[in-house]
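Got a structure here, written out as structure tokens. Questions coming.
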Amino acid sequence: MLAKFLTEDHRDCDDQFARAEAAASDGDVAAARAAFAEFEANLAHHLEMEERVLFPEFEQATGMHGVGPTAVMRMEHEQMRSLLGQMQGALAAEDLDSFLGAGETLNVLIQQHNMKEEHMLYPMAEQALAASAGPLLERMQAL
Amino acid sequence: MNAPLALEQAPPISVPLRFLLTAPLFGMLAATLLLIGGDEVLATRWSPLLLALTHLVGLGVLTMAMCGALLQLLPVLVGAQIAQPLPIAAVCHGGLVLGTLLLAGGFVAGSGAMFAVAAGVLAIALGGFISVVGSALWRADRPDASTRGMRLALLGLLATLLLGLALALGHAGTGLPLWRGTGTDLHLAFALAGWVGTLVVAVAYQVVPMFQMTAPYPQSLRAWLAPAIGVVLLVAAALSAWAPQSQSLAWPVLALPLAVFAIATLGLLAHRRRKVGDASLAFWRLGLVALLAAIAVGAASRFFATDLAMQLAVTLFIAGFALSAVCAMLYKIVPFLVWLHLQQRISASAAARHRIFPPNMKALLPEPRARAHFGLQLAALVLLVAAAFWPFLVRTAAALWFAAFAVLARNLWTVLARYRVECERIDGCGT
């Protein structure tokens, strides 16, 4: 249940990213801004759901605090935020080449990150948090 | 479940980069050989220069790049860690460089001693690689279709290596007969379909949907494609050993799973959700179309008495399909790796953190440069194919092919140069 929900959220973020990238590639700054705002908000929400609910619960259940998979995932979230900031700055300056370059980097970072989550972390979390999956899902959606 | 997964398992950057940056240099060497030898190289399939060229590309470019990529991708794709990556990379890379040069030298000079040493060195380099990567792959927690495909590809590499060693010892004048004909056909089939083809399939399951935002490959296809290549390869090998007259039926069948793969991937790419194209996408498409052409020509070759069609099929497979797939991967992996390592270096430095940013992937390797390489490689492929019919074109094709590899080399080595400059900038921050 948790894995399915979070995995579908990954795909939604992908689609929003693709729309922002396509608009920027067409040179349409206004459309790129609108699509990027939507993408950024959704990605930020996804990262928060993991950092504020899923990761702490997972760390609690497995005893892996500050080590193990969640530590690496948190670090990659920070790298994503930094790239989001660079994309935001490039859009403000209407520098679409920099926007697309940072976007390509963010996409590769996100894709390899998602692969690790979907193949390893989420299945581990499903196992560790099987009993409380329902309430956890509600807490994540309420954020 | 095994010990807690540390997902931060990426090896030091020098581990993959030494392989990935060496690959185009061997391509330049192979093109030079063709430039010097001219149409003599393509005279027959047993021309020593052609055999040298095939190994410079097959080992020096394709296997070199694939080994480097596998060492980098295993932790991400499979969650499998490789202990002691630095010494392993040194032995595999050093051995692959030396062994490939000696093997090509053995063909060109007709030197039995060079064949003997090449066989020993390649046995150590590739045998070591197979055992290290194999143990990581077979330890993987949740083997998915991609992991299982990589295992089969590794077995394909092992079979290629063993057949190659038997052939090399035949050349080395050890008294062993040179198993030319059936032995060479098997060596080539395992190299192209068992190792290169299967690995591209296994990696494509992951990277095509990831980077191009396509739908996933259908579950049934993922489960059966790589094993089907393996089964058909074994049946074809058994037939050619025990019933040589039935060979002509077996080899075209071998191509069927790869044809299904090419058509399925082109279909996925046609409906990709990411609308912005790049050089990597162009290389995938070129490679898949070349694969279909190679299969069509290979199937037709049964109806011709000469080696021409078979040579053309192998050219399309190696210079068209395999090389393009490798380039599609290089243009994603090299700039991303450099960005990632720069980012980590910045994060580790209190003075640099939040003050400087690493150049993004497109700043490290601008798209127009990758496109220029694509254009040259496409032109070289067209001329290489044309040269099979009109031998006077061989040197023009070779010159273009050299230019394509040289531009690839410049593209990749420039990224490394930028990496070094940025490292100094980061280290100098706050001092």
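For the stretch B:276-291, state whether one or more residues are over 18 Å from the mean Cα position of the chain (by Cα), hydrophobic (A, V, I, L, M, F, W, C) and at pLDDT 95 or above.
To start, the set of residues in the stretch B:276-291 that are over 18 Å from the mean Cα position of the chain (by Cα) comprises B:276-278.
Subsequent filtering for residues that are hydrophobic (A, V, I, L, M, F, W, C) retains B:276.
Within this subset, residues satisfying the condition of being at pLDDT 95 or above are none.
No, the stretch B:276-291 contains no residue that is over 18 Å from the mean Cα position of the chain (by Cα), hydrophobic (A, V, I, L, M, F, W, C) and at pLDDT 95 or above.
Then there's this: Consider only pairs whose beta carbons are under 7 Å apart and that are at least six residues apart or on different chains; among these, list those whose first residue lies in the stretch B:313-341 and is without any contact (Cβ under 8 Å) to a residue 24 or more places away in the chain and farther than 16 Å from B:HIS373 by Cβ and whose second residue is surrounded by fewer than 24 Cβ atoms within 10 Å (Cβ to Cβ) and among the hydroxyl-bearing types (Ser, Thr, Tyr).
The qualifying pairs are B:ALA313/B:SER301.
Here's something else I'd like to know. For the stretch A:1-35, name all the residues that are away from every other protein chain (no Cβ under 14 Å), outside any loop (DSSP other than H, G, I, E, B) and in contact (Cβ under 8 Å) with a residue 24 or more places away in the chain. Show your work before the answer.
Within the stretch A:1-35, the subset away from every other protein chain (no Cβ under 14 Å) is A:1-2, A:4-6, A:9, A:29-30, A:33-34.
Right, trim to outside any loop (DSSP other than H, G, I, E, B) and you get A:2, A:4-6, A:9, A:29-30, A:33-34.
Across the stretch A:1-35, the qualifying residues are A:LEU2, A:PHE5, A:LEU6, A:ASP9, A:VAL29, A:ARG33.
Please work out which residue is surrounded by the fewest Cβ atoms within 10 Å (Cβ to Cβ), limiting yourself to the stretch B:132-168 and to residues that are of a type in the set (Ser, Thr, Tyr) and at pLDDT below 95.
Selected residue: B:SER135.
Right, here's the next one. Could we say that A:MET49 is farther than 20 Å from B:PHE357 by Cβ and crowded, with 18+ Cβ neighbours inside 10 Å here?
For A:MET49, the condition - farther than 20 Å from B:PHE357 by Cβ and crowded, with 18+ Cβ neighbours inside 10 Å - is met.
Related question: Condition check: touching a Pro at 6+ places or on another chain (Cβ under 8 Å), farther than 26 Å from B:ALA403 by Cβ and modelled with pLDDT under 95. Does B:ALA299 satisfy that? Break it down stepwise before answering.
On the way: touching a Pro at 6+ places or on another chain (Cβ under 8 Å): yes; farther than 26 Å from B:ALA403 by Cβ: yes; modelled with pLDDT under 95: yes.
Yes: the conditions hold for B:ALA299.
Among the listed residues B:ALA319, B:ALA300, which satisfies the condition of being among the aliphatic types (A, V, I, L, M), assigned to a helix (DSSP H, G or I) and crowded, with 23+ Cβ neighbours inside 10 Å? Spell out the reasoning first.
Details: B:ALA300 fails: crowded, with 23+ Cβ neighbours inside 10 Å.
So the residue among B:ALA319, B:ALA300 that is among the aliphatic types (A, V, I, L, M), assigned to a helix (DSSP H, G or I) and crowded, with 23+ Cβ neighbours inside 10 Å is B:ALA319.
Scan (1) under 22 Å from B:ILE333 (Cβ atoms); (2) at the interface with another protein chain (Cβ under 8 Å from one of its Cβ atoms) for the single condition A:GLU118 breaks and write down its number.
Of the numbered conditions (1) under 22 Å from B:ILE333 (Cβ atoms); (2) at the interface with another protein chain (Cβ under 8 Å from one of its Cβ atoms), the odd one out for A:GLU118 is (2).
All but one of (1) within 14 Å of chain B (Cβ to nearest Cβ); (2) under 23 Å from A:LEU136 (Cα atoms); (3) among the β-branched types (Val, Ile, Thr) hold for A:VAL53, so report the exception by its number.
Answer for A:VAL53: the failing condition is (1).
Are any residues in the stretch A:67-102 assigned to a loop (DSSP other than H, G, I, E, B), within 12 Å of chain B (Cβ to nearest Cβ) and not acidic (Asp, Glu), and if so, which ones? Steps first, please.
Narrowing the stretch A:67-102 to residues assigned to a loop (DSSP other than H, G, I, E, B): A:67, A:93-95.
Of the ones still in play, those that are also within 12 Å of chain B (Cβ to nearest Cβ) are A:67, A:95.
Within the stretch A:67-102, A:VAL67 is the sole residue that qualifies.
Now for a different question. Got a sec? Which of B:ALA31, B:ALA90, B:ALA80 is crowded, with 20+ Cβ neighbours inside 10 Å and part of a helix (DSSP H, G or I)? Let's see the steps before the verdict.
On the way: B:ALA90 fails: crowded, with 20+ Cβ neighbours inside 10 Å; B:ALA80 fails: part of a helix (DSSP H, G or I).
Going through B:ALA31, B:ALA90, B:ALA80 in turn, just one is crowded, with 20+ Cβ neighbours inside 10 Å and part of a helix (DSSP H, G or I): B:ALA31.
For B:ARG355, state whether it is in contact (Cβ under 8 Å) with a residue 40 or more places away in the chain, outside any helix (DSSP H, G or I) and either away from every other protein chain (no Cβ under 14 Å) or crowded, with 19+ Cβ neighbours inside 10 Å (or both). If you could, list the steps in order and put the result at the bottom.
Values: in contact (Cβ under 8 Å) with a residue 40 or more places away in the chain: yes; outside any helix (DSSP H, G or I): yes; either away from every other protein chain (no Cβ under 14 Å) or crowded, with 19+ Cβ neighbours inside 10 Å (or both): no.
No.
Would you pick out the residues in the stretch B:100-123 that are among the polar types (S, T, N, Q) and outside any helix (DSSP H, G or I)?
Within the stretch B:100-123, the subset among the polar types (S, T, N, Q) is B:100, B:111.
B:SER111, the sole residue that qualifies.
Within the stretch A:103-143, track down each residue that is among the basic types (Lys, Arg) and surrounded by fewer than 20 Cβ atoms within 10 Å (Cβ to Cβ). Let's see the steps before the verdict.
The first filter runs over the stretch A:103-143 and keeps only residues among the basic types (Lys, Arg), leaving A:116, A:139.
Listed by number, the list holds a single entry, A:ARG139.
If you scan the stretch A:103-113, which residues turn out to be at the interface with another protein chain (Cβ under 8 Å from one of its Cβ atoms) and either outside any helix (DSSP H, G or I) or within 13 Å of the chain's Cα centre (by Cα) (or both)? Walk me through it before giving the result.
Of the residues in the stretch A:103-113, the ones at the interface with another protein chain (Cβ under 8 Å from one of its Cβ atoms) are A:104-105, A:107-109, A:111-112.
A:ASN107, A:VAL108, A:LEU109, A:GLN111, A:GLN112, listed by residue number.
The values are calculated or read from the model by the stated rules, or taken from the named source; none is laboratory data. Keep in mind the model is a prediction, meaning the values are calculated, not measured. Backbone-built Cβ (ideal geometry, glycine too); neighbour counts: all protein chains shown.
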